[in-house]
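A short write-up of the structure that comes next.
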Amino acid sequence: MPLDASDLGAIWLTIKLASLTTAILLVLGTPIAWWLARTRSWLRGPIGAVVALPLVLPPTVIGFYLLLALGPHGWIGQATQALGLGSVVFSFSGLVIGSVVYSMPFVVQPLQNAFGAIGQRPLEVAATLRASPWDTFVNVVLPLARPGFITASILGFAHTVGEFGVVLMIGGNIPDKTRVVSVQIFDHVEAMEYSQAHWLAGAMLVFSFLVLLMLYAGRRGKPGWS
Amino acid sequence: MRIRLSHMAASALASLICLNSAWADEVQVAVAANFTAPIQAIAKDFEKDTGHKLVAAYGATGQFYAQIKNGAPFEVFLAADDSTPAKLEQEKEIVAGSRFTYAIGTLALWSAKPGYVDAKGNVLKKNEYKHLSIANPKAAPYGLAATQVLDKLKLTEATKAKIVEGQNITQAFQFVSTGNAELGFVALSQIYKDGKVSEGSAWIVPAELHDPIRQDAVILNKGKDNPAAKALVDYLKGPKAAAVIKSYGYEL
């Protein structure tokens, strides 16, 4: 077996982190995307820009601010301590918070595009049939936006798996808590354990290719992320 | 007009020559993260005294090893240990005979809080802290030394769940300085200025608690024909650099 227990631990941790992050982002991201797709408020621009920020910011910037904000002197850190949760830096929950921030645009933007593509008409039709807004959302919008949800889930999951800089800044490299696959690979390379690095890095490459293949093959010529 | 043109040509030529000489006298140095502050001080004197230019990159020694093996353009390597330069020598990546010890590192247990660390390091045995920050022991010699100290003090088991790792000694320092870890093993050079600990509180770890952190320097093959590389190594062996190195808490 070329992968040892710590490699398998890192893989399991990464899957756990990516799944939880994707689930949280689908819950949080759906209302944000819905609002962004439908609103005419002037806030649409600024909020859309904030959501998209992680696309362009280097992970070191996000990691650095998270380290300060989540730390004992930061405002989130003070809040979590006041709530008796202690500091979340160097913990799995800290990584989840970081990943939610970091992968946010990869979930919100496909959803926003999918919601936007539905248009006004199906909603108006549903309304004339006396469907309540909730009924409309669950039975009209969600089925129509299904491809968007699939894309959002795949991208959110895959992007979290590929996360490195943020984890490096706030993780502390703790086995089974914050040492994810990307950090484990970096460790192997630094320790000159190239054969182990190869196995893990190769697995990441195959995984990433398969994910993108799923995305592009399932799309059949539709452009964009919806 | 003709005069002006020839004048312009001459000055263009002159600036080309200047550029060329500046290029030839530049030395690319890979510097172990713990030596960041001293090399910056040394670089200033070195540039003033010799006219050469020093371009430094900072990182973990293991990481530099991988980069050098893969063709990184470094000409001089100031490592944080002696085994990596020795390995490079075996693998014929360095100028034969250029390896020497430029500093012996000192490990310190440090907290950003004044008065938190006592003079004997007994704070380690108390169970009052949540996180103990160290550098990655696989890649950073100061991290390895930290684990040796914990072993000697029979604290390895007790601290296991509290250890957080920075990828290099700079990050180990950063976790402590931002207050995210109450305690950490750092290089004395990071917290030492002009003969004393400049902030927070620290225990200077006795040298017998870990293997000596011999920091070796080498001229890499890429620097073989660069006079600035040779000049830098000579400068590091000189008294002026030695004074700076000592002032940051290294032994020589």
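Laboratory data are not the source of any read-out in this text; all were calculated from the coordinates shown. This structure is a prediction, so every number in the text was calculated from the model and none was measured. Heads up, the Cβs are rebuilt from the backbone with ideal geometry, glycines too, and the neighbour counts pull from every protein chain shown.
Descriptive notes on the structure:
- Filter result (surrounded by 18 or more Cβ atoms within 10 Å (Cβ to Cβ) and farther than 17 Å from B:Ala32 by Cβ) within region B:43-79: B:Phe46, B:His52
- Considering residues of region B:104-115 that are in a loop (DSSP other than H, G, I, E, B) and within 13 Å of another protein chain (Cβ to nearest Cβ) only, the residue surrounded by the most Cβ atoms within 10 Å (Cβ to Cβ): B:Ala112
- Flag if A:Leu25 is farther than 26 Å from B:Phe175 by Cα and not in a helix (DSSP H, G or I): no
- Note on region B:64-103: among residues that are polar (S, T, N, Q) and more than 14 Å from every other protein chain (Cβ to nearest Cβ), the one that is farthest from the chain's Cα centre (by Cα) is B:Ser98.
- Of the helices (runs of 4 or more DSSP H) lying entirely inside region B:116-179, those carrying at least 3 residues that are in contact with a Pro (Cβ under 6 Å, 6 or more places away or on another chain) are B:141-152.
- When each of B:Ala96, B:Ala56, B:Ala66, B:Ala43 is tested for being within 20 Å of B:Leu220 (Cα to Cα), without any contact (Cβ under 8 Å) to a residue 40 or more places away in the chain and assigned to a loop (DSSP other than H, G, I, E, B), the lone residue that passes is B:Ala96.
- When B:Lys237 is tested against (1) touching a residue at least 60 places away in the same chain (Cβ under 8 Å); (2) touching a helix residue (DSSP H, G or I) at 6+ places or on another chain (Cβ under 9 Å), exactly one condition is not met: (2).
- Any hit, region B:214-227, residues being touching a helix residue (DSSP H, G or I) at 6+ places or on another chain (Cβ under 7 Å) and part of a loop (DSSP other than H, G, I, E, B): no
- Of the residues A:Gly156, A:Gly116, the single one that is surrounded by 22 or more Cβ atoms within 10 Å (Cβ to Cβ) and part of a helix (DSSP H, G or I) is A:Gly156.
- Some residue of region A:33-42 being surrounded by 13 or more Cβ atoms within 10 Å (Cβ to Cβ) and polar (S, T, N, Q): no
- Restricting region B:208-229 to residues that are among the basic types (Lys, Arg) and over 19 Å from the mean Cα position of the chain (by Cα), the residue that is farthest from B:Ile68 (Cα to Cα): B:Lys224
- Residue in region A:104-124 that is under 30 Å from A:Gly71 (Cα atoms) and within 14 Å of chain B (Cβ to nearest Cβ) present: no
- Of all residues in region B:168-183 being more than 18 Å from the chain's Cα centre (by Cα) and of a type in the set (Gly, Ala, Ser), the one that is surrounded by the most Cβ atoms within 10 Å (Cβ to Cβ): B:Ala181
- Scanning region A:45-74 for residues that are away from chain B (no Cβ under 13 Å) and in contact with a helix residue (DSSP H, G or I) (Cβ under 6 Å, 6 or more places away or on another chain) yields a count of 7.
- Test for A:Phe90: is it outside any helix (DSSP H, G or I) and more than 20 Å from A:Arg146 (Cα to Cα): yes
- B:Val205 being over 20 Å from A:Phe90 (Cα atoms) and either within 14 Å of chain A (Cβ to nearest Cβ) or over 18 Å from the mean Cα position of the chain (by Cα) (or both): yes
- Between A:Ser182, A:Ser132, the distinction of being small (Gly, Ala, Ser) and buried (at least 19 other Cβ atoms within 10 Å of the Cβ) belongs to A:Ser182 only.
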